[in-house]
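Structure first, commentary second.
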Amino acid sequence: MSAPITRVERWNAGDYDMIIDVRSPAEFADDHLPGAVNLPVLDNDQRAEIGTMYKQVSPFAAKRAGAALVAGNIAVHLSTILQDTDRNFRPLIYCWRGGQRSGSMARIFSEIGWRTDLIDGGYKRYRKQVLDGLDSLPQTLRLIVLRGRTGLAKTHILQAARAKGAQVIDLEGLANHRGSLLGPEPDGNQPPQRLFESRLHAVLCGLDPARPVFIEAESNKVGQIHVPAALWAAMRGAVSVVADAKIEHRVAFLCRDYAHIIANPVHLDPLLSWVVTRLGHDIVDGWRDLIAAGDWPGFVCAVLDDHYDPAYDKSASQRNHEIIATLDAGTLDANAIDRAADRLLALRLPE
């Protein structure tokens, strides 16, 4: 007897053994449900081939050819990734609209005997839930924005605070970018905008509105990623804690934090070529001389003096932030960052 197939509009990921995205790898890479596994019923080339056949030959020919490909791909998944699943396996399946691709896999699973849920409306329903949440959730939060000049280890302080139980939104971590001229992370590219939004939505859904939520001050873009408008508006209206430390400690911290740049200074060339349009050749040529001499503390100090600090001061002067406290970040080594996190959590925060 076939197992039931149920269409659902709401779901709890914890109720399932696997969330299966049957869309093509390209669709999956652009965005997907948190924790989903990509088991495509058509790969990128096959999807394009069937789409072309549908338009240029006939819908019937495309469906017949597509069915053969879908059956073969599902067979591969059953004999590889799913080969050790038992009779109690409980999957949640979705495709773009919750139609033919997910339905094909669900019918085969049903014949096997696996009780299967399908997301009614597929990825498009999930995407609408994400967009609705990004519009509504930020205004429910008690945001506390950690501000301060470049090189104050704000991200590290918030990470330490999160390890101690604080609620934190790490935009730079979600965007895989440090939000600065030298921001690209050495271990990968930024996610697509929609995937970033999915990850952010998952974080927002896990926050308790009754407790404060800490977030680092950012512009409305982190690298190439746009911060959703509602969250950006909430950040601009939130109270602030301003971090501070001596310049020599900031320079030492940045030399440690950007060790990957120091090890491969060639990566600075395109960045310096870009910033010369803002600061002029004289300043940037001075930076290049410091790099050539291997004077990295001197280079970092010059970049702060010539670019980052004036830019921060100008931006801060144009916005009327309500500052509730100043946070002494100390020497910015690991112990000082941990103590700064403790001081942040000990602050008397507005209700």
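The values are calculated or read from the model by the stated rules, or taken from the named source; none is laboratory data. From a predicted model like this one, the values you see are computed outputs, not experimental measurements. With ideal geometry, Cβ positions are generated from the backbone for all residues, glycine too; neighbour counts draw on all protein chains shown.
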### Message
Could you list, ordered by first residue, the pairs with Cβ atoms under 7 Å in which the first is in region 326-344 and more than 9 Å from ALA245 (Cβ to Cβ) and the second is among the basic types (Lys, Arg) and in a loop (DSSP other than H, G, I, E, B), at least 6 apart or interchain?
### Response
ALA341/LYS164
### Task
Output the residue which, of all residues in region 25-66 that are touching an Asp or Glu at 6+ places or on another chain (Cβ under 9 Å), outside any helix (DSSP H, G or I) and free of Cβ contacts under 8 Å to residues at least 60 places away in the same chain, is farthest from LEU200 (Cα to Cα).
LEU42
### Task
Mind telling me which of the residues VAL276, VAL284, VAL251 ends up being assigned by TED's automatic domain parsing to the domain that holds ASP306 and within 28 Å of the chain's Cα centre (by Cα)?
VAL251
### Selection status of LEU134, out of contact with any strand residue (DSSP E or B) (no Cβ under 8 Å at 6 or more places or on another chain), part of a helix (DSSP H, G or I) and under 30 Å from ALA325 (Cβ atoms)
yes
### Query
Can you name every residue in region 35-61 that is of a type in the set (A, V, I, L, M, F, W, C) and surrounded by 13 or more Cβ atoms within 10 Å (Cβ to Cβ)?
ALA36, VAL37, LEU39, VAL41, LEU42, ALA48, ILE50, MET53, ALA61
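Per-residue answers, yes or no, for (1) over 20 Å from LYS124 (Cβ atoms); (2) of a type outside the set (A, V, I, L, M, F, W, C); (3) out of contact with any strand residue (DSSP E or B) (no Cβ under 9 Å at 6 or more places or on another chain); (4) outside the structural domain of GLU197 (by TED's automatic domain parsing):
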site	(1), (2), (3), (4)
PHE28	no, no, no, yes
ASP31	no, yes, yes, yes
ASP45	yes, yes, yes, yes
GLN100	no, yes, yes, yes
### Message
Here is a list: ASP257, ASP309. Which entry is within 19 Å of SER219 (Cβ to Cβ), of a type in the set (D, E, K, R) and surrounded by 16 or more Cβ atoms within 10 Å (Cβ to Cβ)?
### Response
ASP309
### Task
Grab the helices (runs of 4 or more DSSP H) fully contained in region 173-278, keeping just those with 3 or more residues being within 30 Å of LYS124 (Cβ to Cβ) and at pLDDT 95 or above.
193-205, 229-237
### Task
Give the residues of region 237-248 that are of a type outside the set (Ser, Thr, Tyr), within 28 Å of the chain's Cα centre (by Cα) and over 14 Å from ILE337 (Cα atoms), sorted by residue number.
GLY237, ALA238, VAL239, VAL241, VAL242
### Test: SER240 is touching a Lys or Arg at 6+ places or on another chain (Cβ under 7 Å) and either touching a residue at least 40 places away in the same chain (Cβ under 8 Å) or not assigned by TED's automatic domain parsing to the domain that holds TYR123 (or both)
yes
### Task
For THR85, work out the one condition from (1) crowded, with 18+ Cβ neighbours inside 10 Å; (2) more than 25 Å from ARG127 (Cβ to Cβ) it doesn't fulfil.
(1)
### Task
Could you tell me which numbered condition PRO270 fails, if it satisfies all but one of (1) within 14 Å of LEU141 (Cβ to Cβ); (2) without any contact (Cβ under 8 Å) to a residue 12 or more places away in the chain?
(1)
### Task
Give me the pairs, please: first residue somewhere in region 220-231 and more than 11 Å from GLN190 (Cα to Cα), second residue anywhere and among the aromatic types (Phe, Trp, Tyr) and modelled with pLDDT of 95 or more, beta-carbon distance under 9 Å, and either six or more positions apart or on two chains.
ASN220/TRP232; HIS226/PHE196; HIS226/TRP232
### Summary
Taking region 266-285 and keeping residues over 20 Å from PRO310 (Cα atoms) and surrounded by 11 or more Cβ atoms within 10 Å (Cβ to Cβ) leaves HIS267, LEU268, ASP269
### Summary
Going through region 132-151 in order, the residues found to be in contact (Cβ under 8 Å) with a residue 12 or more places away in the chain, out of contact with any helix residue (DSSP H, G or I) (no Cβ under 8 Å at 6 or more places or on another chain) and farther than 21 Å from SER219 by Cβ are THR140, ARG142
